[in-house]
Amino acid sequence: MRPERTKLLYLAPALAWIFAMILFPLFYTIGISFFDYTLGGETEFNYGLNYLTAVQDYRLWNGLKVSGVFTVVVVSIEFLLGLGLALLLSGRVRGRRTLRLIMLIPLFACPIAVGYLYLMIFHQRGPVNAFLGLLGFVEMPNWLGDPSLTLFTVGFVDIWGWTSFMFLILLAAIESLPVELYEAAQIDGASGWLKFRKLTFPMLLPTILIALTLRITDAFKIFDIFVGLTKGGPGISTEVYSMYVYRVTLEYFKFGYSGALSVIFLLIMMVAINVLFLFRRLRKW
Amino acid sequence: MNTLSSEKGRMDRRRFVTYLGAGAIVVAAAAAGGYYAGQRPPTVTPTTTAVAPTTVTVVGPTAPTWAPTTFEGYKNLYDVPVPMPYPYKAPPGTNITIAVLAAGTRGVISGPIYYMRDSWSAMTGATVTAVDIAFSDLFTKFFTDVVTGAGKFDAFITGGNWYGDLIKGGYIVPITDYLGPDFHTMKTVSRSTNTGNNHVQWYPPGTESDLRHEELLKWGKDWYGCAMDQDGIMFYYRKDVVNNEDNKKKFEKEYGYTYEMDVNKPNNDIWWDNQMADILQFYNNVHDLPFRGNPPVQYASSISFARGFLSWMYWIVLAGVMNVIPGPTVDRYHNMFFWDPETMEPTINNEGCVKSLEFYVDKIIPTAPKEAMGWLLGESFDGMLSGNAAFSWNFGDIGRMASDPSTSKIKGKVGVRLMPGAMNIYDREKGQWSKLDTPNYVANIMGCSWHGVISKFSKNPEACYDFFSYIAYPYNHFRLKAKGWSGYDPGRKFDFLPPNGTADVQAYVYEGWDEGDAKAYMEGVWECYYAPKTYQIFPRIPGMRRFEETMDVRIAMAAAGTSSPKDSLDGLAKDWNAIIDDIGRTDMIKAFQTDVGYGKPYTKGIPWA
């Protein structure tokens, strides 16, 4: 067999997978977003009316707002915490192997189970408020019933679960940095902060961008913890974008409209990731 | 040439990969074959034997003992699975798969399915597979199954509110053919013989359901379900606390008037605006109460505000008394709610509804604990059953569960009455408020009123009907309703105590009820359903799931304070108009008018009164 055909033969399963699991669903979704397609009803081409309806839909804007605020806050905190812990545990710290292992435990927890677990922990009469009572608090926060608090409560749960991910990636990157540069900097009398600013951070930047990209896309499409903890309430204060798309798809059965919502989401994420990757073009840090 | 090695006896890379791929394909094929072979359903063999009836002989529908009227009659039947000859035999290997609410083998609505299936299997030779599904996924799973034609389920335990979509698409089959002629009167036949099979007679004289709940089993002239659960929202109170004389004296001193909660005592009118609001506020100041009861009450109201499980109903029944006006017929302005039946224009944001939501947000919500913002239905039950709450308005489950020591700390302390009325009602026709001399009370059958319906894709529809008729069979049905865990609320003649019905209170005591609680509960439920001069319907039109979901969201926003009541209801009217236009306004007008019985005379709904 000719070498080119052999290569295609070996590539065929992967190509088939990409087509079946990525390309076909993508183009199908884009296609149905231009139809009024309701399960059990008639399908009709509607010239993109779904997109016009979407921009006038208050729940779409609410979902974008909730998901956006959530993503920015939790990813920032996870990054800072993960970086700090990675820097700390990359050095000579007693018990660092045990500490590293403990840091990874939240990664193995099932998100929906974590959601239900924290439902009990943050219950009005749960352990958190009991502890606050011991500290002398009289008026307990309504962690999951106060619209001004609930999103941050869910954010706390996400930070607990995903800081480990940041920690793991950044720790691996830190440990692969060349030691000689730090020895040279040490000889030149560079301070710790100067070493971080001029050596560590610039060398970590590509890894940081990858880690942020992964976490931002993941956080923006989060669903499971919100279902377990709040179901979008109180009101719609924690109804993230993916939750609304789920409702439109599986409660309203409006597949055409949910296709439009999904395409809008895709476009937003593409823009966001491209903005993030503009940082790679920075030549001077 | 690519080779692993040029040494003699070693395999080259191409051959190695070829053998590896062939081996993988063989293993995969073997695994797939093994998997599908394992999926073949086992041969069904009933493992229990039918218990021969010993005490009851069927003598026909005119016999007075079709429903147990004495405790002795009930007790004798208690341990007999089916106290009559039962000739229906399913074809060999028949299995029916039923989708039920996920509440477990002794949980609400699903429990009776598990409880009854073994004895039914022993009689008929068929088996029942119950599939538990969470409430939030129920409609999705049903609808997807029938619309896609997957046909995984033979039958579903559905809420009556979902009929619109199921009927519109022709996804469920009527059971009219199995019922036989003269079904409702049952004067001449003892069993249906239309199909050549006999099924247990579940609706003879003396076992009637009230007409409004009966309507939920039908669409137009066709029947689709057998009686199972008969829901409504009742008003519960801690009678040891609320009837305490010291508390009442203090209330009178503070507010200048007194009240009477018990419906069997005189002057027992209660109305929301503002009497009930005052009473809730009084009992919310628990530390100032002379008597808090045992267990001591911690707050006034146990209702829930979380999204996802019918929380909007707590407001709807309040809005009903301020907006539904009685009249001799079901017309545009009388006995009507939700929509204008001529135009399907939502009336949910009229002045009366806005005022009721403002009342709810300002005066009612502050009397519930803060954590109720995140409560689902079970927690609102628990707030009352644990003794923490002085009041709750909720489904019939609380009354049934109050006597069960595993779930209740308030056995013997529960009062039940019809929902408070309103002294000011909004007249849509005149566009103004009317002040009344006596409260406007509104009956309601709010709730799912769960019952089984048969999928059009079922290969065993008759077996499904037979199982559901077996559950609805009076002896079995009464037994299940008397059990606290079943989730079946009263509504048939044999549920109520005399003079309203034919039950013996000792039958309830035998099942563990407190006698006083049982009497109060049955009297209160009766009052809830029949005492008022008008009622609030439960819409069953197409798209109902979408109407419910949008209402759930908007009311939750108002309850959480993220939107004003007026903005919430204006937004809701806009959402509903969009849904109606999407489905088709003309079709929706027709469906809604059929559903409410537009133009028909108003009926109190008691066929045996």
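The values are calculated or read from the model by the stated rules, or taken from the named source; none is laboratory data. As the structure is a prediction and not an experimental result, all values here were calculated from the model. A quick note on method: Cβ atoms are made from the backbone with ideal geometry, for glycine too, and the neighbour counts reach across all protein chains shown.
Condition check for B:Glu549 on (1) part of a helix (DSSP H, G or I); (2) farther than 13 Å from B:Leu310 by Cα; (3) within 14 Å of chain A (Cβ to nearest Cβ): one failure, at (2).
With respect to A:Gly115, determine if the residue is within 14 Å of another protein chain (Cβ to nearest Cβ), at negative phi, without any contact (Cβ under 8 Å) to a residue 12 or more places away in the chain and touching a helix residue (DSSP H, G or I) at 6+ places or on another chain (Cβ under 8 Å). Taking the combined requirement at face value, the residue does not satisfy it. B:Gly421 - would you say it is away from chain A (no Cβ under 14 Å), in contact (Cβ under 8 Å) with a residue 40 or more places away in the chain and touching a helix residue (DSSP H, G or I) at 6+ places or on another chain (Cβ under 6 Å)? Yes, satisfied. Of the residues in the range B:322-343, not one is within 14 Å of another protein chain (Cβ to nearest Cβ), closer than 30 Å to B:Met588 by Cβ and in contact (Cβ under 8 Å) with a residue 24 or more places away in the chain. Only one entry of B:Thr329, B:Thr343 meets the criterion of being surrounded by fewer than 20 Cβ atoms within 10 Å (Cβ to Cβ), out of contact with any Gly (no Cβ under 8 Å at 6 or more places or on another chain), more than 12 Å from B:Ile555 (Cβ to Cβ) and among the hydroxyl-bearing types (Ser, Thr, Tyr), and that entry is B:Thr343. When the criteria are applied in full, B:Ala389 meets the requirement of being of a type in the set (A, V, I, L, M, F, W, C), closer than 21 Å to B:Ser301 by Cα and at pLDDT 90 or above. Those helices (runs of 4 or more DSSP H) of the range A:165-279 in which 1 or more residues are of a type in the set (Lys, Arg) and in contact with a helix residue (DSSP H, G or I) (Cβ under 9 Å, 6 or more places away or on another chain) occupy A:192-195, A:201-220, A:241-250. From (1) touching a helix residue (DSSP H, G or I) at 6+ places or on another chain (Cβ under 6 Å); (2) farther than 12 Å from B:Met401 by Cβ, pick out the condition that doesn't hold for B:Trp485. All conditions pass for B:Trp485, except number (2). Among the numbered conditions (1) touching a Pro at 6+ places or on another chain (Cβ under 9 Å); (2) small (Gly, Ala, Ser); (3) within 13 Å of chain A (Cβ to nearest Cβ), tell me where B:Ala573 comes up short. Exception for B:Ala573: condition (3). The set of residues in the range B:149-165 that are among the charged types (D, E, K, R) and more than 14 Å from B:Tyr465 (Cα to Cα) comprises B:Lys152, B:Asp165.
Within the range B:136-179, work out how many residues are among the charged types (D, E, K, R), part of a helix (DSSP H, G or I) and either within 14 Å of chain A (Cβ to nearest Cβ) or touching a helix residue (DSSP H, G or I) at 6+ places or on another chain (Cβ under 6 Å) (or both). The qualifying residues number 5.
Only a single item in (1) within 19 Å of A:Leu266 (Cβ to Cβ); (2) surrounded by 11 or more Cβ atoms within 10 Å (Cβ to Cβ); (3) not β-branched (Val, Ile, Thr) is not met by A:Gly40, and it is number (1). Quick one: would you say A:Leu204 is more than 14 Å from every other protein chain (Cβ to nearest Cβ), surrounded by 17 or more Cβ atoms within 10 Å (Cβ to Cβ) and not polar (S, T, N, Q)? Criteria met by A:Leu204. Looking at the range B:559-570 only, could you name the residues that are touching a residue at least 40 places away in the same chain (Cβ under 8 Å) and either within 12 Å of chain A (Cβ to nearest Cβ) or surrounded by fewer than 24 Cβ atoms within 10 Å (Cβ to Cβ) (or both)? Answer for the range B:559-570, where residues must be touching a residue at least 40 places away in the same chain (Cβ under 8 Å) and either within 12 Å of chain A (Cβ to nearest Cβ) or surrounded by fewer than 24 Cβ atoms within 10 Å (Cβ to Cβ) (or both): B:Ala559, B:Ala560, B:Gly561, B:Lys566, B:Ser568, B:Asp570.
Restricting the range B:558-609 to residues that are in a loop (DSSP other than H, G, I, E, B) and of a type in the set (Lys, Arg), the residue that is nearest to B:Glu342 (Cα to Cα) is B:Lys600. The residues of the range A:232-264 that are crowded, with 23+ Cβ neighbours inside 10 Å, aliphatic (A, V, I, L, M) and at the interface with chain B (Cβ under 7 Å from one of its Cβ atoms) amount to a single one, A:Ile236. Based on what the data block shows, is B:Ser403 closer than 30 Å to B:Tyr178 by Cβ, part of a loop (DSSP other than H, G, I, E, B), in contact (Cβ under 8 Å) with a residue 40 or more places away in the chain and out of contact with any Ser or Thr (no Cβ under 7 Å at 6 or more places or on another chain)? Here the answer is no, as B:Ser403 does not meet what is asked. Taking the criterion of being more than 22 Å from A:Thr238 (Cβ to Cβ) and either small (Gly, Ala, Ser) or within 13 Å of another protein chain (Cβ to nearest Cβ) (or both), the only residue of the range B:355-365 that qualifies is B:Ser356. In the range B:392-412, the count of residues that are surrounded by fewer than 22 Cβ atoms within 10 Å (Cβ to Cβ), under 30 Å from A:Gly232 (Cα atoms) and β-branched (Val, Ile, Thr) is one or more. Annotation: of all residues in the range B:283-308 being crowded, with 20+ Cβ neighbours inside 10 Å and among the hydrophobic types (A, V, I, L, M, F, W, C), the one that is nearest to the other protein chains (Cβ to nearest Cβ) is B:Ala306.
Total residues in the range B:119-135 satisfying the condition of being more than 12 Å from chain A (Cβ to nearest Cβ) and assigned to a loop (DSSP other than H, G, I, E, B): the figure is 2. Among the residues making up the range B:231-259, a single one is under 35 Å from the mean Cα position of the chain (by Cα) and of a type in the set (Gly, Ala, Ser): B:Gly232.
The test for being out of contact with any strand residue (DSSP E or B) (no Cβ under 8 Å at 6 or more places or on another chain), within 14 Å of chain A (Cβ to nearest Cβ), touching a residue at least 24 places away in the same chain (Cβ under 8 Å) and not hydrophobic (A, V, I, L, M, F, W, C) does not hold for B:Gly412. Within the range A:79-103, the set of residues being free of Cβ contacts under 8 Å to residues at least 40 places away in the same chain and aromatic (Phe, Trp, Tyr) is empty. Evaluated against (1) in contact with a Cys (Cβ under 9 Å, 6 or more places away or on another chain); (2) of a type outside the set (S, T, N, Q); (3) free of Cβ contacts under 8 Å to residues at least 60 places away in the same chain, A:Leu214 falls short on exactly one condition, (1).
Considering the conditions (1) modelled with pLDDT under 90; (2) surrounded by fewer than 24 Cβ atoms within 10 Å (Cβ to Cβ); (3) in contact with a Leu (Cβ under 9 Å, 6 or more places away or on another chain), B:Glu548 is excluded by exactly one of them, (1). When A:Leu117, A:Leu149, A:Leu107, A:Leu144 are screened for being within 30 Å of A:Leu64 (Cβ to Cβ) and either among the hydroxyl-bearing types (Ser, Thr, Tyr) or surrounded by 18 or more Cβ atoms within 10 Å (Cβ to Cβ) (or both), only A:Leu144 passes.
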